Structures are given as structure tokens and as C-alpha cells.
């Protein structure tokens with residue numbers, strides 16, 4: 001696991017607190033389905049077709065595989081024109097999702113000194129990294145290499161940009177654990193809040209679809225043929241459950257107590273209507289690569305058992321699982337065996353497949369699975385109460401989260 005952390009000035013002032021349940025009070029999502037939870041729910045239920053062609057690169061540059069890019073994005077609609085010229089697409093995805101999650105720009109006078117960021121990614125912007133590296137080889141040094149683009153090559157650049165643009169002065173961390181990065185970031189956020197390192201955190205994952213990334217995934221051979229390759233960003237505002245919301249009335253404005261409280265883009269913030277709780281989130285290592293599916297299944301099963309025990313939830317209470325290994329040749333079977341090992345009525349538990357709609361989004365998959373679970377609950381009148389979000393990587397990392405539906409507890 002790779003974690004880069006920047007501790008800000010206001011970050012250690014909150015007192016340590018027991019427990020580890022997180023209350024989700026805001027959500028910002030950008031995916032091939034569009035912006036917000038409603039668009040995602042429509043795509044999951046077949047009422048909206050996801051985007052199928054890239055907008056940032058010529059289609060001919062991509063491998064012969066279905067693509068699920070984010071809809072056209074103009075970051076100026078979220079941030080204004082000033083200061084956005086040098087923002088790359090990766091940071092733009094994260095920044096747009098952060099504004100959707102927080103309900104807009106920082107309100108005048110609101111104290112965000114103990115609000116921080118925990119972001120999941122695989123490498124940061126591989127596009128920016130490759131572009132700067134190429135310029136150092138083909139351009140005349142040092143005059144024709146653009147130094148203003150260098151900050152975009154740092155893995156934690158996006159998390160830093162999110163904090164700067166939103167006035168978040170709490171801890172700032174970037175977590176990279178491959179496929180399981182998003183749930184590992186959620187676990188990092190839980191620990192930080194429980195230890196009083198912050199009062200509120202913006203946590204989630206970002207992944208960018210570029211020709212280099214797409215060819216890498218395509219040539220690696222880990223996915224079933226014709227598996228869509230996707231990108232997206234999903235960020236959640238989380239606070240410790242059981243206490244007063246951070247920031248008082250200002251926090252109420254940030255979360256958007258009305259669904260009409262939206263950015264100027266008209267996109268849904270998802271903030272006011274989101275009140276689900278993450279009862280537990282656990283990570284682990286299965287002790288073997290994807291070539292040993294038995295080890296992966298046992299490792300994930302152990303992770304699931306620990307998460308359910310920590311959440312105080314019986315295995316028979318689980319109603320739905322947002323699976324993360326769909327269309328992965330060596331991982332899907334291990335994930336299913338783990339579920340059947342832990343859940344007594346696994347065959348009857350509904351599966352929510354996000355990759356089928358949004359494509360494989362690698363390090364952002366866990367965050368988009370959680371967003372899909374919230375979107376699905378929000379759009380239906382189902383009596384489902386408890387959901388699981390699972391993730392398993394070919395490197396042996398496993399993770400899961402236990403989520404409680406709004407109003408269920």
C-alpha cells in the first residue's frame with residue numbers, strides 16, 4: 001500500500017473518539033452515466049445509456065474494447081475561469097466531484113480547518129506524467145519543457161487541488177492499493193476520524209481513462225473479452241456517526257438540506273438526500289496472486305467476516321452486494337466463493353454489478369460501487385437494509401465495507 005499524507009495546521013485539534021461508524025452526508029459522482037446519483041440510478045436500471053466514446057482523445061488511439069468515459073466535462077462550470085487553465089483532466093474530475101459532494105464553493109466564513117481529504121488513485125494522472133516525461137526527451141532543455149505542468153505529475157496533486165479549491169485545511173492523504181484503493185481510502189478515513197485527526201473528510205476515488213491506461217488494461221489480459229474500460233470519480237462527505245454534524249449551520253448549508261441546493265451547473269449534488277452509514281470497512285491481504293484463487297477467496301471471506309463482526313451485523317441480514325470483481329477472469333470466481341462461504345443465503349442475496357454499466361474503473365471501482373449502492377437505494381422503494389461493497393485485487397489485496405441504508409437504523 002502507498003499512502004502519501006500532508007498534515008495541515010488544524011488537523012490534530014479534535015479529540016480522539018471511539019467507534020468507527022461513518023455517516024455519509026454528501027456524495028458527488030461523475031461517470032459514464034452522467035453527473036449525480038440520479039443519473040447513475042437510471043443507468044443501473046437501464047433507463048439511461050452510458051457514454052460510449054471518449055471525448056478527450058481520438059477513438060483510434062484506444063484498443064478495440066468498449067469504452068465508458070465520463071461525459072464531456074468543462075471544469076470552468078464548477079470553478080469559474082480563473083486559475084483553471086493548467087488543471088489536467090484527472091484533477092478536473094476530482095474537483096468537479098468534490099464540488100458536487102460539498103454542494104458548491106466554500107460558504108463565506110465557514111471554518112474548514114478540520115475538514116480534510118482522503119483520495120484513492122492508482123498512479124495519479126498517467127497522462128500528465130507521460131506528457132512531461134516525453135517533453136524532457138524531445139524538447140530543448142530547459143526552455144521548452146513547461147514547468148507549470150509538473151505539479152500534475154505528482155500522485156497527490158489531485159488531493160491537494162481539492163483541498164485548495166474548497167478551503168479544506170485538515171489532513172490530506174492519497175492512498176494507492178490498486179483495485180482496492182477506494183475501500184482502503186475509506187478505511188484510512190475511518191481511522192483518521194476515530195483518532196480525532198479530523199471532524200469531517202472528503203473521501204473517494206478518481207480514475208482517468210487514457211489510451212495508455214486502456215492499452216495497459218487491455219494487454220494485461222485480466223479482463224473478459226469485450227469488458228468495457230471506464231473512468232470516473234466518486235467522493236463522499238463522511239463524519240463520525242452519533243455526533244453533531246461538523247460546522248453546525250454552515251455544515252447544513254454545505255450538505256444541501258434541500259435537493260434544490262445545487263451548483264450553477266444544475267447537476268444534482270446528492271448531498272441532502274444521502275444519509276447512509278458505513279458500519280464497518282476492513283482491508284486485508286490474501287497471501288497470493290490472482291493465480292491462486294483459493295487463497296483470494298479465503299482472504300476475502302476472512303475480511304468479510306471481520307467487517308460483519310465489527311458492524312454487529314449477522315451474515316443473514318445482508319440484502320445486496322455491490323461486487324467489484326465482475327468481468328475479471330481470475331477474480332470473479334474467488335469473490336463469489338468468498339460470498340458463498342460467509343453468507344448463509346448467498347444465492348438469494350442480490351448482486352449489483354457496476355462494471356457492467358460503468359466499465360472497469362480500477363482504483364475508483366470501490367467508490368463507484370458505493371455510489372451505485374446509494375443510488376440504487378435512493379431510486380427504489382426496496383426494504384433492503386444492509387449492503388456489502390467488496391473488492392479484490394490481482395495483487396492479493398482484499399477489502400469490503402458494510403453499509404446501512406438510510407433510515408434503517
*Select, from 174, 191, the only residue that is surrounded by fewer than 16 Cβ atoms within 10 Å (Cβ to Cβ), closer than 23 Å to residue 21 by Cα and at pLDDT 90 or above.*
191
*Among residues belonging to segment 339-360 that are under 20 Å from residue 281 (Cα atoms) and in contact (Cβ under 8 Å) with a residue 60 or more places away in the chain, point out the one that is surrounded by the fewest Cβ atoms within 10 Å (Cβ to Cβ).*
352
_Scope segment 29-38; condition touching a strand residue (DSSP E or B) at 6+ places or on another chain (Cβ under 8 Å) and closer than 14 Å to residue 372 by Cβ; matching residues_ = 29, 30, 31, 32, 36, 37
*Across segment 46-86, what is the number of residues that are part of a loop (DSSP other than H, G, I, E, B) and out of contact with any helix residue (DSSP H, G or I) (no Cβ under 7 Å at 6 or more places or on another chain)?*
19
*Does residue 244 satisfy the criteria of being at pLDDT below 95 and touching a helix residue (DSSP H, G or I) at 6+ places or on another chain (Cβ under 6 Å)?*
no
_Complete set of residues in segment 122-139 that are farther than 18 Å from residue 93 by Cα and assigned to a helix (DSSP H, G or I)_ = 130, 131, 132, 133, 134, 135, 136, 137, 138
_Can you find a residue that is under 21 Å from the mean Cα position of the chain (by Cα) and either farther than 22 Å from residue 46 by Cα or not assigned by TED's automatic domain parsing to the domain that holds residue 234 (or both) anywhere in segment 342-351?_
yes
*Do you know which residues across segment 57-79 are surrounded by 16 or more Cβ atoms within 10 Å (Cβ to Cβ) and either over 25 Å from residue 115 (Cβ atoms) or in contact with a strand residue (DSSP E or B) (Cβ under 6 Å, 6 or more places away or on another chain) (or both)?*
57, 62, 65, 67, 68, 69, 70
*Taking the stated definitions as given, is residue 256 modelled with pLDDT under 95, within 25 Å of residue 374 (Cα to Cα), out of contact with any helix residue (DSSP H, G or I) (no Cβ under 6 Å at 6 or more places or on another chain) and surrounded by 23 or more Cβ atoms within 10 Å (Cβ to Cβ)?*
yes
_Count - residues of segment 219-237 that are surrounded by 17 or more Cβ atoms within 10 Å (Cβ to Cβ) and under 30 Å from residue 64 (Cβ atoms)_ = 10
*Evaluate segment 375-389: report whether one residue or more is closer than 12 Å to residue 179 by Cβ, out of contact with any strand residue (DSSP E or B) (no Cβ under 8 Å at 6 or more places or on another chain) and in contact (Cβ under 8 Å) with a residue 40 or more places away in the chain.*
no
*Taking segment 103-120 only, how many residues are surrounded by 16 or more Cβ atoms within 10 Å (Cβ to Cβ) and on the phi > 0 side of the Ramachandran plot?*
2
*Would you be able to tell me the number of residues in segment 304-316 that are out of contact with any helix residue (DSSP H, G or I) (no Cβ under 6 Å at 6 or more places or on another chain) and either loosely packed, with under 15 Cβ neighbours inside 10 Å or closer than 15 Å to residue 369 by Cβ (or both)?*
5
*Quick check: is even one residue across segment 196-211 surrounded by fewer than 20 Cβ atoms within 10 Å (Cβ to Cβ), closer than 25 Å to residue 279 by Cα and at pLDDT below 95?*
yes
*Looking at (1) surrounded by fewer than 23 Cβ atoms within 10 Å (Cβ to Cβ); (2) under 30 Å from residue 283 (Cβ atoms); (3) at pLDDT below 85, which is the only condition residue 148 fails?*
(2)
*Within segment 201-212, can one find any residue that is in contact with a strand residue (DSSP E or B) (Cβ under 9 Å, 6 or more places away or on another chain) and part of a helix (DSSP H, G or I)?*
no
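The values are calculated or read from the model by the stated rules, or taken from the named source; none is laboratory data. It should be emphasised that the depicted structure is a prediction, and the values quoted were computed from it without experimental measurement. Note that we place each Cβ from the backbone using ideal geometry, even for glycine, and neighbour counts take in every protein chain shown.
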